[in-house]
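The values are calculated or read from the model by the stated rules, or taken from the named source; none is laboratory data. Because the structure is a prediction, the values reported are computed rather than measured. FYI the Cβ positions are ideal-geometry reconstructions off the backbone, even for glycines, and counts take in every protein chain you see.
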Amino acid sequence: MKIRAIVEWLKQANEYATNVYNAPYRSAIARAKRDEDDLFMLLVFSELMGVPNPASYYTLELQPLLLERFHEWHLRMGMEHSPLDGFRCC
Amino acid sequence: MNAILLMLLGLGAMFLGYVFYSKFVAEKIFKLDPNFRTPAHEFEDGVDFVPTNKYVLWGHHFTSVAGAAPIIGPAIAVIWGWVPAFLWVVFGTIFFAGVHDAGAIWASNRNKARSIGALTGDVVGKRSQSLFMIVIFLVLLMVNAVFATAISGLLINFPSSVVPVWGAIFVALIIGQFIFRKWMNLGTVSILGVIALYALIYTGPSFPITLPETVFGVSDNAQWIIILFLYAAIASLLPVWMLLQPRDYINGLQLFIGLILVYGAVLISGPELVAPAFNTNTPEGTPSLVPLLFVTIACGAISGFHGLVASGTTSKQLDKETDARFVGYFGAIGEGSLSLATIIAATAGFATLADWQAVYHSFGQGGVSAFVEGGANILNNGIGLDVELSQTLLTVMAVLFAGTTMDTGLRLQRYIFQEWGNIYNIKWMEKAAPATLLAVASCLLLAFGAGGADGAGGLLIWPLFGTTNQLLAGLTLLVITTMLVKLGRPMYVTLVPLLFLLVMTIYALLIQLMGFYQKSDWFLFGLDLVVLVAAIWIALEAAGTLTRLRREIRQSTQSAE
């Protein structure tokens with residue numbers, strides 16, 4: 001019984017510590033991840049914007065999956081409306 | 001007087017301050033409301049806005065604000081004797097820092113968790129906001145230059161610390177990988193990391209490293225400063241999870257271990273304070289206590305930097321508004337206790353008064369080295385740790401703090417340069433590497449411009465750094481006061497500290513200005529002048545805003561009648 005209580009306590013302490021570890025940098029890391037994702041978006045949709053992409057055979061498959069994030073992405077990139085003729089999201 | 005008594009008096013007073021004064025301020029002045037829907041709940045996004053347990057948030061807030069500054073400031077200021085430093089740290093924490101920190105969280109919390117910089121624009125005026133940016137830039141510039149000087153001095157004075165100080169970077173890099181890739185849980189990694197760090201500290205004295213006295217005519221001190229900035233430049237360009245985050249975490253652990261060790265050793269050995277209560281025999285060139293004490297100790301008594309942390313990240317994670325009291329006020333007390341430990345180490349850690357006077361032979365000397373030497377003696381007497389090992393331990397603690405601050409500071413400065421590049425359409429300045437280069441260059445210019453060719457005199461700008469930091473605190477207090485006036489609540493709890501700070505900083509700036517003029521130190525004279533202009537500007541803004549508000553309130557009550 002005692003050992004279980006100690007294990008529980010340790011688990012909780014670990015959870016607190018993980019929170020303390022992550023809390024200060026959560027947004028900086030999320031922002032960095034978003035920057036990487038933005039570049040990936042550009043790669044996936046480059047063909048549609050007239051930039052030749054040697055991997056378009058593969059990235060074409062990803063387009064429907066990333067479409068959900070497309071609107072947010074073009075807004076973030078400073079384009080008020082969808083830059084693509086093919087699909088207009090707004 | 002015995003150090004145990006001083007310790008109990010200080011900690012007891014701060015604790016009473018938390019129990020009574022912070023309760024009064026939280027309930028009667030800020031009127032913290034447990035039912036207020038905090039921004040963390042309103043805008044919860046799992047990234048910036050996350051409701052966080054108050055103890056977790058306190059840990060994050062406290063370790064973000066505590067650094068090398070609450071050690072360096074008091075360690076320099078005990079040159080006037082231990083009583084003035086002790087009183088300013090204790091009463092500063094109770095009536096200034098606690099109210100300022102909790103108030104900054106409250107103000108930001110009531111304004112969609114916006115930063116104090118943005119709030120200054122909203123609450124006080126656009127002009128104050130630009131002033132705010134200038135003051136922040138000056139603080140960052142000075143903090144990097146001053147910390148580089150302090151670290152290089154420590155590395156030269158205590159060569160045994162070189163191996164653990166740089167080894168800690170590798171420990172942090174490895175820890176960062178383990179946690180980021182989730183190879184191990186944090187508890188295990190922390191224990192292994194602390195063991196690795198202490199193993200390095202243990203081996204440090206066996207492998208002392210000193211740089212050659214000169215390389216191409218560059219002194220060892222200057223070499224360290226250049227190496228440190230090289231390191232900070234590279235570190236600030238790495239992703240945060242790789243080095244900064246694990247380093248910060250280890251520092252937090254070190255902070256708690258260090259505080260427990262020092263206070264524990266004081267309790268066991270009960271050393272006598274050898275330094276005079278009031279030093280009537282100050283070395284030549286020591287400026288007068290009033291006003292310089294109040295700018296020499298900034299962090300530890302009140303520091304504007306806390307407002308940036310409080311309003312930048314802490315307020316976005318506040319679960320309940322009432323938590324602001326614990327997180328902000330008790331965070332300030334944590335930092336006050338670190339300063340108190342420094343005061344004890346730097347005044348009770350010497351065998352005789354003559355030893356103490358030998359260390360404090362001129363103003364700006366002693367400093368953090370005195371903390372290390374004194375603290376090491378206390379650790380030696382209290383828990384029997386070898387003196388050299390204790391010195392290495394405390395040096396590593398101080399250097400890691402300062403190094404992490406340099407990393408963060410340089411990063412922030414880079415952002416400012418990048419933003420200027422964006423605003424003024426200078427394309428190359430928007431890129432990370434050139435912006436970092438600019439930041440490093442400006443800091444190096446300050447370090448060598450102020451400290452001479454070998455950079456050794458860089459600590460001369462310490463009081464100037466404190467002044468700028470206090471001005472930042474003044475701006476935050478102005479924001480809180482303005483909010484209180486608008487809400488029709490009593491404003492004296494923040495107005496009195498604000499007035500006190502403004503008077504002391506302007507007075508200190510004028511005195512230093514005269515000193516630099518007499519020494520024909522035109523570099524520091526110019527820097528002082530810039531800060532002085534900012535200080536007077538803030539004073540005018542404060543006066544203007546508050547009289548305007550009072551007039552508005554009087555008019556509205558008259559028209560209501």
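Points to keep in mind about this one:
Quick grid of which residues meet (1) of a type in the set (Lys, Arg); (2) without any contact (Cβ under 8 Å) to a residue 40 or more places away in the chain:
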site: B:227; (1), (2): no, yes
site: B:259; (1), (2): no, no
site: B:270; (1), (2): no, no
site: B:282; (1), (2): no, no
site: B:319; (1), (2): no, no
site: B:322; (1), (2): no, no
site: B:325; (1), (2): yes, no
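- For segment B:386-432, a tally of residues being in contact with a Cys (Cβ under 8 Å, 6 or more places away or on another chain) and of a type in the set (S, T, N, Q) returns 1.
- Helices (runs of 4 or more DSSP H) within segment B:296-380 that include 3 or more residues within 24 Å of residue B:36 (Cβ to Cβ): B:304-309, B:330-348
- Qualifying positions in segment B:30-71 - at the interface with chain A (Cβ under 10 Å from one of its Cβ atoms), more than 25 Å from residue B:143 (Cα to Cα) and polar (S, T, N, Q): B:52, B:53
- Helices (runs of 4 or more DSSP H) enclosed by segment B:457-561 - at least 1 residues per element that are closer than 26 Å to residue B:144 by Cβ and free of Cβ contacts under 8 Å to residues at least 24 places away in the same chain: B:492-518, B:522-560
- Residue in segment B:350-357 that is surrounded by fewer than 24 Cβ atoms within 10 Å (Cβ to Cβ) and on the phi > 0 side of the Ramachandran plot present: no
- Residue count for segment B:135-186, restricted to those that are crowded, with 17+ Cβ neighbours inside 10 Å, aliphatic (A, V, I, L, M) and either in contact with a Pro (Cβ under 6 Å, 6 or more places away or on another chain) or farther than 18 Å from residue B:398 by Cα (or both): 10
- Test: residue in segment A:28-36 that is under 18 Å from residue B:175 (Cβ atoms) and either free of Cβ contacts under 8 Å to residues at least 60 places away in the same chain or facing another protein chain (nearest Cβ under 10 Å) (or both): yes
- Residue selected from segment A:68-86 under the condition surrounded by fewer than 13 Cβ atoms within 10 Å (Cβ to Cβ) and among the hydrophobic types (A, V, I, L, M, F, W, C), by the criterion farthest from residue A:42 (Cα to Cα): A:79
- Residue ID - nearest to the other protein chains (Cβ to nearest Cβ), chosen from residues in segment B:175-210 that are over 21 Å from residue B:244 (Cβ atoms) and aromatic (Phe, Trp, Tyr): B:198
- Failed criterion for residue B:455 (all others in (1) buried (at least 19 other Cβ atoms within 10 Å of the Cβ); (2) out of contact with any Phe, Trp or Tyr (no Cβ under 8 Å at 6 or more places or on another chain) hold): (2)
- Residue identified as out of contact with any helix residue (DSSP H, G or I) (no Cβ under 9 Å at 6 or more places or on another chain) and either at positive phi or surrounded by fewer than 19 Cβ atoms within 10 Å (Cβ to Cβ) (or both) among B:209, B:227, B:191: B:191
Yes/no matrix, rows are residues, columns are (1) in a helix (DSSP H, G or I); (2) surrounded by 12 or more Cβ atoms within 10 Å (Cβ to Cβ); (3) facing chain B (nearest Cβ under 10 Å):
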{"site": "A:12", "(1), (2), (3)": "yes, no, no"}
{"site": "A:40", "(1), (2), (3)": "yes, yes, no"}
{"site": "A:54", "(1), (2), (3)": "no, no, no"}
{"site": "A:89", "(1), (2), (3)": "no, yes, no"}
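- In a residue-by-residue description of segment B:254-271, the property of being within 14 Å of chain A (Cβ to nearest Cβ), over 22 Å from residue B:397 (Cα atoms), buried (at least 18 other Cβ atoms within 10 Å of the Cβ) and at pLDDT below 90 applies to no position.
- Residue among B:419, B:388, B:335 that is surrounded by 24 or more Cβ atoms within 10 Å (Cβ to Cβ) and of a type in the set (D, E, K, R): B:335
- No other residue among A:42, A:48 is at pLDDT 85 or above and more than 28 Å from residue B:316 (Cα to Cα) apart from A:42.
- Subset of segment B:213-258 (residues that are farther than 30 Å from residue B:380 by Cα, in a helix (DSSP H, G or I) and of a type in the set (Val, Ile, Thr)): B:225, B:226, B:227, B:234
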